[in-house]
1. Of Ala171, Ala71, Ala29, which has the largest mean-square fluctuation in a 10 Å C-alpha GNM of the chain?
2. So what is the 222 nm mean residue ellipticity for the chain from helices alone, if each DSSP H run of at least 4 adds -39500 (n - 2.57) and you divide by all residues, rounding to the nearest 500 deg cm²/dmol?
3. Longest exposed-loop-site-free stretch of the chain, with GluC sites (Glu not before Pro), DSSP loop and at most 13 other Cβ within 10 Å?
4. Just rank Lys121, Lys115, Lys84, fewest to most, by other beta-carbon atoms within 10 angstrom.
5. Give me, ordered by chain and number, the residues 5 or more places off Val11 or on other chains with an amide H under 5 Å from its own placed amide H.
6. Which is farthest toward the positive dipole end of the chain among His37, Thr219, Ala202, measuring Cα position about the Cα centre, with Cβ charges +1 (Lys, Arg) and -1 (Asp, Glu)?
7. Pick from Pro91, Pro117, Pro65: which residue has the top mean-square fluctuation in a GNM of the chain where Cα pairs under 10 Å get a spring?
8. Over the chain, with a Gaussian network built from C-alpha contacts below 10 Å, which listed residue (Ala95, Ala61, Ala203) shows the highest mean-square fluctuation?
Amino acid sequence: MRSFPEGFEAVVVGASGGLGDALATTLEADASAGRVHRFGRSRGAFLDLLDEGSIAAAAAATDQPRLVIVATGLLHDGDLQPEKRLADLDPERLARTFAVNTIGPALVLKHFGPKLPRDGKSVIAVLTARVGSIADNRKGGWYGYRASKAAANQLVRTAAIELAVRRPDCACVALHPGTVDTALSAPFQRGVPEGQLFTPDAAAARLLSVIDGLTGADTGRFFAWDGQEIPF
């Protein structure tokens with residue numbers, strides 16, 4: 001991470017998951033990184049996206065992180081599955097999807113955004129998904145997941161405008177990691193094109209490369225794992 005100051009402080013929210021763990025491990029192996037905070041429900045210091053108090057406590061445990069990554073997401077869980085039709089929509093399942101994919105990351109922005117230093121490069125990145133792009137939606141389906149990720153993208157864009165006032169070198173962005181071989185994508189990997197299913201380590205390396213190249217001019221934008229911009 002050559003574009004960050006030597007010994008920079010980093011945060012990974014969602015370090016309990018496969019990709020979050022890989023991001024934290026890759027950062028810990030980076031000679032230029034200083035302290036790397038792992039936050040999650042079952043690995044690292046405790047943070048639950050459904051509990052704002054735990055998010056506030058996690059932010060209070062940091063000093064001035066220059067890199068904050070929100071590597072969380074909910075696509076399926078028990079009886080919650082992506083909806084294929086309008087008839088599948090259920091208010092309780094929609095609320096749970098939005099709680100994890102939209103409200104939780106918004107609260108991370110709320111509590112960690114003010115911790116970012118005002119001078120020099122900083123990045124706060126929320127992992128969303130290409131299917132959250134309204135302009136790119138040509139297949140339909142996955143109502144709750146698409147909508148909750150689209151809402152997260154809007155929150156990132158809005159937070160970027162506010163953060164830029166006092167942190168002109170901050171890049172507040174949404175990132176699409178591609179299809180990563182984790183529990184989240186496991187039931188849906190059969191149709192993934194050859195070469196497009198990434199190991200967590202490979203996905204982490206690609207995302208951190210994109211982050212390394214960001215500047216304040218990129219704030220409020222949405223990028224894929226290969227650095228290509230995705231329309232909102």
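Just so you know, all these numbers are worked out from the coordinates, no wet-lab data involved. The shown structure was predicted, so the numbers you read here are calculated from the model rather than taken from an experiment. Positions of Cβ are backbone-derived with ideal geometry, glycine not excepted, and every protein chain shown enters the neighbour counts.
1. Checking each option, the largest mean-square fluctuation is seen for Ala29.
2. So the calculated ellipticity at 222 nm is -10000 deg cm²/dmol.
3. No qualifying site falls inside 7-193, the longest such stretch.
4. Lys84, Lys115, Lys121
5. Here His37, Leu67, Val68, Ile69 satisfy the definition.
6. The residue sitting most towards the positive pole is Thr219.
7. Pro91
8. Ala61
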